[in-house]
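Only the coordinates and a few stated rules stand behind these numbers; no lab work does. Because the structure is predicted, anything quoted here is derived from the model rather than measured. Here Cβ is always computed from backbone atoms with ideal geometry, including for glycine, and neighbour counts include all displayed protein chains.
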Amino acid sequence: MNDDETRRMRLDEGAREQEEERGGPDSLGFSLRKALLGAVFPLSTEQLVRLARENEAPASLLSLLGGLPSRRFDSQAAVRQALESRPGLEAESPEASPSELGPER
């Protein structure tokens with residue numbers, strides 16, 4: 001392996017680490033931000049689902065949002081916290097396990 005290949009590998013590893021810290025394309029945070037783009041809080045559970053549907057969120061995330069208790073959420077962080085505190089949601093990705101998440105896209 002030459003110096004260029006080693007440097008490229010290290011850059012790739014660093015980029016992956018940064019993406020994981022920020023919430024990469026496979027993370028719940030990334031999917032939620034995309035699904036709730038344009039949200040003006042507070043929003044009810046039904047409004048969250050409607051907005052996510054309009055933003056073409058994956059079916060698995062729509063299912064997760066629809067499974068939240070009916071209440072008002074004051075922020076995206078509150079929505080994420082509610083999703084992460086649900087029993088059985090162990091992975092960060094909304095598409096981690098079809099058996100836990102229901103029907104696929």
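For the reader, a short list of remarks on this structure follows.
- Ranked packing of 40-49, 67-76, 53-62, most packed first, by mean Cβ within 10 Å: 53-62, 40-49, 67-76
- Added length on full extension, which subtracts the Cα-Cα distance from 0.36 nm per residue, ARG71 to GLU54: 4.1 nm
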